[in-house]
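The values are calculated or read from the model by the stated rules, or taken from the named source; none is laboratory data. Bear in mind the structure is a predicted one, so any value in this text is a computation, not a measurement. Counting neighbours? That spans all protein chains shown, and the Cβs are built from the backbone with ideal geometry, glycine included. Note: areas computed on protein heavy atoms with side chains; ligands, DNA, RNA excluded. Shrake-Rupley method; radii C 1.70, N 1.55, O 1.52, S 1.80 Å.
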Amino acid sequence: MIQLETVDLRLLRLFMTIVEAGGFSAAQSELNLSLSTISTHFADLETRLGLRLCRRGRSGFQLTPEGQAVYDEARRVFDTLERFRGRVRGLRERLTGTLAVGLVDNTLTDPRAPLERVFARFTEAAPEVSLIINVRPPNELLRDVIGGQLQLAIASFPRIVPSLSYQDLYNETIHFCVADGHPLYTLPDEAIDLDEIRRYRLVARSYWGSRDLKIFAISTPKATVSDMEGAARLILSGAYAGYLPDHYAAPYIKAGRLRVLLPKVLSYQAPFQVAYDANRSKSPVVDLFIALTREEMTAPEFRSASVVRPA
């Protein structure tokens, strides 16, 4: 039976950093350690646990099944420790005041984003804190976190602001869709390519700049929207093609109203993060909310949450 000691926690923290960075070399800057030192510590952890945690080679860094299980359990351990620290802080100082949180629209249908559980747990832990929830496009959320109107925001952000801090939560899959009635809806896959798609009206999201259209080599869309519902309305009209999140499109795909085009080429992963100003917003209230958000939204069951996939 392994007895966890302080050194084991330090090694597990190092292991988690390596996994979340995507490998030994990628973790160097965050750990501020040489590659040889990281390798030595990692080997110490494998010896301590009696398990092989990863494979390293030409294919890159890859966790073994045992390594994935150790990572998941370590995440639970550290989340529990963070929750413990938050509760102890709450005993020392009563949590009061106001917390302003920014969100993007149309995440309610995403099983990887159980924000209602975060709000329930936060309200139970800090019943005297008043919540302000603002739903806006991600570029406006960043602006308001920078300006201090919001203490934190949760979204897939179009850019990284150096003055803000970010913590990864989960990935949202984005598909390129057309609706029943669009000329591309009934075409066989082999007849569709980027040249064929660019002949039709495309929807772009204003907060992503030109990135929605970059792959099509088009500078100006036929329609621009500020949110996902606007995009969905235009796409479902059958007159436009554009991007929608998998969970949002799922019921329409199942009902035969939407079709995903070229998923291997056009579908992509949009990372969701919590963004905050670590200097301006540092407080037990913000710390608690972020800890609960990470606990709920990076849990294994939400990392592998199932939605309807394109055929």
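Structural remarks
- Accessible area of Phe78 in the full protein assembly, 1.4 Å probe (Å², nearest 10): 10 Å²
- Here the Debye sum runs over all C-alpha atoms of the stretch 191-277 as equal scatterers in vacuum, and log10 of I(q)/I(0) at q = 0.12, 0.22 Å⁻¹ comes out as -0.37, -1.24.
- Taking other residues whose beta carbon is less than 12 angstrom from the beta carbon of Leu187, and scoring Lys, Arg as +1 and Asp, Glu as -1, yields -2.
- Computed magnitude of the charge dipole of the stretch 1-153 (debye, nearest 20; Cβ of K, R +1, Cβ of D, E -1): 200 debye
- FRET efficiency estimate (nearest 0.05) - Cβ-Cβ, Ser130 to Thr224, R0 45 angstrom: 0.80
- Estimated dipole of the chain in Debye, rounded to 20 [Cβ of Lys and Arg +1, of Asp and Glu -1, Cα centre]: 300 debye
- Accessible carbon and sulfur surface of the stretch 10-132 relative to its total accessible area, %, 1.4 Å: 51 percent
- Of the trypsin sites (Lys or Arg not before Pro) found in the stretch 170-253, the ones in coil according to DSSP and having at most 10 other Cβ atoms within 10 Å of their Cβ are Arg199.
- Pairs of Cα atoms nearer than 8 Å and 6+ residues apart set the relative contact order; for the stretch 65-177 it is 29 percent.
- Heavy-atom accessible surface of the chain, averaged per residue, reaches 52 Å², computed with a 1.4 Å probe.
- GluC sites (Glu not before Pro) within the stretch 34-135: DSSP coil, no more than 14 neighbouring Cβ in 10 Å: Glu93, Glu128
- Ordered by solvent-accessible area of protein heavy atoms (1.4 Å probe), largest first, the residues Leu131, Leu261 come out as Leu131, Leu261.
- Taking amide H positions as modeled 1.01 Å from N, with prolines and chain starts lacking one, the residues under 5 Å from Leu258 and 5 or more places away or on another chain are Asp180, Ile253.
- Mean separation of Cα contacts under 8 Å, 6 or more apart, over the residue count of the chain: relative contact order %: 22 percent
- Antiparallel bridge percentage (DSSP; both residues within the chain; nearest 5): 65 percent
- The charge dipole of the stretch 175-291, taken about the Cα centre with unit charges on the Cβ atoms of Lys, Arg (+1) and Asp, Glu (-1), comes to about 240 debye, rounded to the nearest 20.
- Counted residue by residue at 0.36 nm each, then reduced by the alpha carbon distance between them, the extension gain from Arg52 to Asn171 reaches 40.1 nm.
- Ranking of Asp189, Asp212 by solvent-accessible surface, largest first: Asp189, Asp212 (1.4 Å probe, protein heavy atoms only, all chains present).
- Across q = 0.11, 0.12, 0.14 Å⁻¹, the chain modelled as identical point scatterers on its alpha-carbon atoms has Debye log10 I(q)/I(0) values of -0.83, -0.95, -1.17, in the order of the q list.
- Helix-only CD estimate at 222 nm, as mean residue ellipticity for the chain, using -39500 (n - 2.57) per DSSP H run (n ≥ 4): -13000 deg cm²/dmol
- Spread over its residues, the convex hull of the C-alpha atoms of the stretch 234-277 is 107 Å³ per residue.
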